Structure formats: C-alpha cells, structure tokens
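This is the structure I have questions about; it appears just below.
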Protein chains: 2
Amino acid sequence: MKVFTAIQEIRTHICERKQQGEMVGFVPTMGALHEGHFSLMAQALKENDAVVVSIFVNPLQFGPDEDYEAYPRTLDADLEKAEARGVDIVFAPSAAEMYPEEMQTGVHVHEGTDVLCGKSRPGHFDGVATVVLKLLQIVQPARAYFGQKDAQQAAVLTNMARDFNLPAEIVTGPTVREPDGLALSSRNVNLTSVERREAVWLYEGLKQGALWIEEGSYGPGDILKKAKHTVEANISGTIDYMDILTYPGLKPVKEWNGQVIIAGAVQFSGARLIDNIIVSPGQKERVGR
Amino acid sequence: MKVFTAIQEIRTHICERKQQGEMVGFVPTMGALHEGHFSLMAQALKENDAVVVSIFVNPLQFGPDEDYEAYPRTLDADLEKAEARGVDIVFAPSAAEMYPEEMQTGVHVHEGTDVLCGKSRPGHFDGVATVVLKLLQIVQPARAYFGQKDAQQAAVLTNMARDFNLPAEIVTGPTVREPDGLALSSRNVNLTSVERREAVWLYEGLKQGALWIEEGSYGPGDILKKAKHTVEANISGTIDYMDILTYPGLKPVKEWNGQVIIAGAVQFSGARLIDNIIVSPGQKERVGR
C-alpha cells in the first residue's frame, strides 16, 4: 500500500495507474476507521481496479463551537487497517497541504441545507462539498463512495456531482451497525460508557417511527412526537432534531407518496450522533389520520 | 471539425482522443467570435494536440437587467470561423443541456468580487465560475485559455483553479485591439456608430492613467480623477467605474509597489464595455505627492 501526503505526488502516481488502464475507486474519510468505512472499501475494491482512501479531518466543515480538535485522530492504526483490507493507496494530507492559503472560492449548497444537520450546522455542507470537490479533482476517480448514515451529505454530494457535471459517480453504501443497532461512527469513541448504552435509543426511536410510516395510519407530526418521546425518555443527552422528509429530495412530506427518510441527531456530552432510516410508506391513502 | 451539443457525446469523443495520447487545450467562449478569441485559439493550437472551443451564452452570469437576450448569437458564422482557424472540436450546448434542472449547488467567490465589475454585477462571477467549472469537468483539458481584457474574470478563475485543485492550467492571453485601440469584444456590435467612435476614449483614459502610474508622481486618487475626466469629456455613455488596484490581488493600492491594474467600464445605450491595462509603477518612492 502506498501512502501519500503531497498532492502532486499522489496525482502523478494515480495518473500512471490510470495510464495502465486501471479504474480508480475512492473512499474519502476523516479517519478513525471502522466497519462502516471497511464496508465502503470492500465495495470499492469489488467495483474498481485500484482503491484510494483519503484520511483528512477537514477544518472547513466544522463550526467554531464544534469538535474539530476533539475529533478522533488515529492515523497509524488507520493505515494498518486500510492495508489489511487491501486498499492500494492512502492520501493523508495535512491541513496546510489542502489549504495552503485562504480560500477565495468555495462551493455553496443552495438547497437542502435548511433541514436536518444543515439547520444546526450552518456552513457545514458548504465545507463538505468544497473538500470533496477538491479531493475528487486530486484523485479523479471513476467512483466515490459515501455512507448512507450521513444521508444528507450523500444527497448534497450526489446533487453536486450532477450540477457540476463531475465525471465521478457518487455511490452510497449501507449504514453498518453495532450488534445492538447503534450506527457506527468515528465519534462513538467520545461517548461515556453510560451514553454508549443509551445511544442505541436514537435508532430505536427511528425504527419505531419507520414502522408507523410503513403502517401509514398517522401523519408525520404524530409519528415524530411519539418517536421523540421514545428517545427523550431513554437518553441523558438532548435531541438536536428528529424529522421526516422526502428522500432524496429532503422536502416536507405532504402525503405518504414515495420514499421518505426519518432522521435524527442527539447531542451527548462529548459527541453528537446522527442516524436515519429510509422508508417506503405502505398505505399512502391513509395519511394524516 | 467535430461539433457536439450533447455532454455525453463530447465526453466520449474527448476520452478517445486523450487515450490516443492527445493533450487537449480548451477555449471557452460565449460565441460572436472575433480576433480576441482567435488569438486564444492560435495559442491553444500551438500548445496542445487538440483544441476544443465551447460556444455557450451562460444565463447564470447575467443579472436580471443585463443583456442576456441582446447578447449577439452568430453560431453558423462562428462554426465557419472556428473551422477556418483549425479548431478540432466545438461544444455548443443548449441552456437545457447545461442546466437541465434547477441548480442546488454553485461556486461562490468570496474574495475579489467587491471591486470593478463585481461591484455593479452581483453574482456575475459566481455564474462565470460555476459554468467554467462545469465546462472544465466536461472537457477535462490540460489548459484553458481566457483573455486579459476580462482581467477580473481571469483572476477569479485562476484563484478557483488553485482553490479547488483543478487539474487544468488557467492561461491568460493578451487583449486584442482594433486599429484605433478599442479592445475587441462581442458586445462592440451593439454600439451605435457614434458610440463606436467614442468608445476608444475608454482606452485613451486608461492609457493616460497608466502613463501617470509609470511616472509615479501622483497618487491613485489624483490619477483616477484625471483619467475619468478624459473619458467623461469624450463619450455620450456613462462611466460605471474606473479604478486602480493591485494585480492580480485586486486590493486597494497603498504604495506604488508591484504590478497594478487600471481598469474601467463604460455603459453605452446598448452595450457595456470594459477594458484595462496592467502597469508596473516606476518610482514607488514618490507615491502620494
């Protein structure tokens, strides 16, 4: 496995591999790799000739009061794990390599950022879209892989790829969970042991909501009220949001018609966790009762 | 010469040519081709194996009260001229091909847009940067060529390429002028014959200012006052702006130290014209007297 920290060097290396006819898949990460990332890497390895993983905690997507400093950084362990999984190339640049001077240009996401995480994290998706655009220009892959756990991120990046005519295909891989159902996240290591036991209730509340959506007897407002109650009753943290929106459009649900997402975020003492379930409502006629 | 209107088709064709080892140069235009464009094409033909010219009047960079409808469109003549100049490939998409649905993502230029044209054309450079990013993703050239006449555009795009790690090199070619000195522009055809004779005074005013900058005896404020007076005294149109800024930084000039740009814009009845000169001040010690 080759490890690069310099943009110019990884560019040259990938260019050579592409000239040999290799199709490149790309898994961008912020490190602290877990089974969720490995699942994306396995899919990328199956669908491409060579797989590049980037490890970069992107300052641009963290707000001033967010956990940029506390975000787990475990580069040596990450490199070992990536190599063991058969990754061909790792790109682990410094912040100075990615942002050598103040950015005079950025990606701005006009739509779909006034809901879910976008509401409480202003500028977050602009920062995500900007760094992903940069990484895609550096790596120039045929496909780039993102997890469904970050559903809004996947939607924003899929839209960006379409809007900017990016040559890379954006692929979304399924959420990987702990045995008790907690969605894997690099931030889970920042939970206390009590919070770790409570954390599964976010998923429990979403599952409960998803069942009611499938059943179709209640409107979104009633379902959210019940699901929020389930979560609130079982955690010491606070709910940042819980919402039901069309998917992938992320618009308010007016009738049970087409796919929806039920998504939530919970703030614990040292970590903010998010999760979601995509649901196809069963009985759209009975909405709102 | 091959002409494409569909993104997928030109992508496939360029991909084949690159696989044959050809280096692709790209000249994006809004059509109504003139010697300014031909000069960029000649440079691109010299420096690359194949040259792509795009012809697309980009609605995203025109404000609601600007001349999108009146902008000259002469596709058949443009194709003949491009072929005669040895261009290999023309990309002439419709607005529906470039913007099939509402854009949810755009490029935002944070810096250098509160001066010169950016001041009176809010959103203009966001629109320019967005369409150029899209075109660069479609054509994927080694080099893209822009005219020095649109100096602020060249600066914004050079910054964008650096900020987004775009693989293409942004090349700036010199301004081409009529025998009397008027900078070539597709908009010149929208001048009345009286305005056409007056129009050269924009360049005359800039030249006068450039001489005083080189001479170094006066400060920027005094020089602009004199240059504006020269222009105003000789045209029926109105001055939109005249300014002296550092170049390429586009910041206020505090001392005659390093390259500066003296630039102006004049609004005539049916056309807004811009022009500029890059100057290296001679005697920086004597600034502000």
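The values are calculated or read from the model by the stated rules, or taken from the named source; none is laboratory data. None of these values were measured; they are calculated from a predicted model. We place every Cβ from the backbone using ideal geometry, glycine too, and count neighbours over all the protein chains shown.
List the pairs whose first member sits in the range B:63-76 and is small (Gly, Ala, Ser), whose second member is not in a loop (DSSP other than H, G, I, E, B), and whose Cβ atoms are under 8 Å apart, counting only residues at least 6 apart or on separate chains?
Short answer, once both residue conditions are applied: B:Gly63/B:His124; B:Ala70/B:Asn190.
Related question: Would it be correct to say that A:Thr192 is among the β-branched types (Val, Ile, Thr), farther than 30 Å from B:Val139 by Cα, out of contact with any strand residue (DSSP E or B) (no Cβ under 8 Å at 6 or more places or on another chain) and away from chain B (no Cβ under 14 Å)? Steps first, please.
Details: among the β-branched types (Val, Ile, Thr): yes; farther than 30 Å from B:Val139 by Cα: yes; out of contact with any strand residue (DSSP E or B) (no Cβ under 8 Å at 6 or more places or on another chain): yes; away from chain B (no Cβ under 14 Å): yes.
So A:Thr192 passes the test.
Would a scan of the range B:29-44 turn up a residue that is among the aromatic types (Phe, Trp, Tyr), in the same structural domain as B:Gly147 (by TED's automatic domain parsing) and closer than 20 Å to B:Val131 by Cβ?
Start the filter on the range B:29-44 by keeping residues that are among the aromatic types (Phe, Trp, Tyr), which leaves B:38.
Those still in the list that are in the same structural domain as B:Gly147 (by TED's automatic domain parsing) too: B:38.
Adding the requirement that they be closer than 20 Å to B:Val131 by Cβ leaves none.
No, the range B:29-44 has no match at all.
Continuing with this model, one more query. Of these, A:Thr105, A:Thr74, which one is β-branched (Val, Ile, Thr) and within 14 Å of chain B (Cβ to nearest Cβ)? Quick ask: steps written out before the conclusion?
Working: A:Thr74 fails: within 14 Å of chain B (Cβ to nearest Cβ).
Going through A:Thr105, A:Thr74 in turn, just one is β-branched (Val, Ile, Thr) and within 14 Å of chain B (Cβ to nearest Cβ): A:Thr105.
Being surrounded by 22 or more Cβ atoms within 10 Å (Cβ to Cβ), in a helix (DSSP H, G or I) and in contact (Cβ under 8 Å) with a residue 40 or more places away in the chain is the filter; apply it to the range A:140-159 and report the residue that is farthest from the other protein chains (Cβ to nearest Cβ).
The qualifying residue farthest from the other protein chains (Cβ to nearest Cβ) is A:Ala151.
For (1) more than 27 Å from A:Leu45 (Cβ to Cβ); (2) small (Gly, Ala, Ser); (3) at pLDDT 95 or above, each residue gets a yes or a no:
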{"site": "A:Arg73", "(1), (2), (3)": "no, no, yes"}
{"site": "A:Met103", "(1), (2), (3)": "yes, no, yes"}
{"site": "A:Phe125", "(1), (2), (3)": "yes, no, yes"}
{"site": "A:Leu136", "(1), (2), (3)": "no, no, yes"}
{"site": "A:Ala154", "(1), (2), (3)": "no, yes, yes"}
{"site": "A:Arg162", "(1), (2), (3)": "no, no, yes"}
{"site": "A:Thr172", "(1), (2), (3)": "no, no, yes"}
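How many residues does the range A:252-264 hold that are under 19 Å from the mean Cα position of the chain (by Cα) and either of a type in the set (D, E, K, R) or more than 20 Å from A:Glu111 (Cβ to Cβ) (or both)?
Selection size over the range A:252-264: 2.
Among the candidates B:Leu60, B:Leu45, which residue alone is more than 18 Å from B:Val176 (Cβ to Cβ), part of a helix (DSSP H, G or I) and more than 14 Å from the chain's Cα centre (by Cα)? Please lay out each step first, then the result.
Details: B:Leu45 fails: more than 18 Å from B:Val176 (Cβ to Cβ).
Sole residue among the options that is more than 18 Å from B:Val176 (Cβ to Cβ), part of a helix (DSSP H, G or I) and more than 14 Å from the chain's Cα centre (by Cα): B:Leu60.
Shifting gears a bit: Which condition number does B:Met98 fail, the rest of (1) surrounded by fewer than 17 Cβ atoms within 10 Å (Cβ to Cβ); (2) in contact (Cβ under 8 Å) with a residue 40 or more places away in the chain being met?
(1)
Of the residues that sit in the range B:108-138 and are in a helix (DSSP H, G or I) and within 7 Å of chain A (Cβ to nearest Cβ), which one is nearest to B:Asp67 (Cα to Cα)?
Applying the first criterion (in a helix (DSSP H, G or I)) to the range B:108-138 yields B:116-120, B:124-138.
Cutting the leftovers down to within 7 Å of chain A (Cβ to nearest Cβ) gives us B:129, B:133-134, B:137-138.
Details: B:Ala129: 19, B:Leu133: 23, B:Lys134: 22, B:Gln137: 27, B:Ile138: 26 Å.
Among those residues, the one meeting the criterion is B:Ala129.
Can B:Glu83 be described as assigned by TED's automatic domain parsing to the domain that holds B:Ala151, in contact (Cβ under 8 Å) with a residue 12 or more places away in the chain, of a type in the set (Asp, Glu) and under 23 Å from B:Ala161 (Cα atoms)? Quick ask: steps written out before the conclusion?
Details: assigned by TED's automatic domain parsing to the domain that holds B:Ala151: yes; in contact (Cβ under 8 Å) with a residue 12 or more places away in the chain: yes; of a type in the set (Asp, Glu): yes; under 23 Å from B:Ala161 (Cα atoms): no.
So B:Glu83 does not fit the description; no.
Return yes when A:Gln267 is touching a helix residue (DSSP H, G or I) at 6+ places or on another chain (Cβ under 8 Å) and without any contact (Cβ under 8 Å) to a residue 60 or more places away in the chain and no when it is not. Give the derivation first.
Details: touching a helix residue (DSSP H, G or I) at 6+ places or on another chain (Cβ under 8 Å): no; without any contact (Cβ under 8 Å) to a residue 60 or more places away in the chain: yes.
For A:Gln267, the condition - touching a helix residue (DSSP H, G or I) at 6+ places or on another chain (Cβ under 8 Å) and without any contact (Cβ under 8 Å) to a residue 60 or more places away in the chain - is not met.
I've got another one for you. Of everything in the range B:174-185, what is of a type in the set (Gly, Ala, Ser) and either modelled with pLDDT under 95 or farther than 23 Å from B:Tyr71 by Cβ (or both)? Give them in sequence order.
To start, the set of residues in the range B:174-185 that are of a type in the set (Gly, Ala, Ser) comprises B:181, B:183, B:185.
Selection gives B:Gly181 alone.
What single numbered condition from (1) within 15 Å of the chain's Cα centre (by Cα); (2) part of a strand (DSSP E or B) fails to hold for B:Val90?
Status for B:Val90: all satisfied but (1).
Taking A:Lys81 and the conditions (1) under 24 Å from A:Ala183 (Cβ atoms); (2) within 14 Å of another protein chain (Cβ to nearest Cβ), which numbered condition does it fall short on, given that it satisfies the others?
The one condition A:Lys81 does not meet is (2).
Taking only the range B:160-189 into account, find how many residues are within 13 Å of chain A (Cβ to nearest Cβ), without any contact (Cβ under 8 Å) to a residue 12 or more places away in the chain and not in a helix (DSSP H, G or I).
1
Looking at A:Glu22, is it surrounded by fewer than 17 Cβ atoms within 10 Å (Cβ to Cβ) and within 14 Å of chain B (Cβ to nearest Cβ)? First the steps, then the outcome.
Values: surrounded by fewer than 17 Cβ atoms within 10 Å (Cβ to Cβ): yes; within 14 Å of chain B (Cβ to nearest Cβ): yes.
So A:Glu22 fits the description; yes.
Of a type in the set (S, T, N, Q), out of contact with any His (no Cβ under 6 Å at 6 or more places or on another chain), outside any loop (DSSP other than H, G, I, E, B) and within 14 Å of another protein chain (Cβ to nearest Cβ): does that describe B:Ser54? Give the derivation first.
Working: of a type in the set (S, T, N, Q): yes; out of contact with any His (no Cβ under 6 Å at 6 or more places or on another chain): yes; outside any loop (DSSP other than H, G, I, E, B): yes; within 14 Å of another protein chain (Cβ to nearest Cβ): yes.
So B:Ser54 fits the description; yes.
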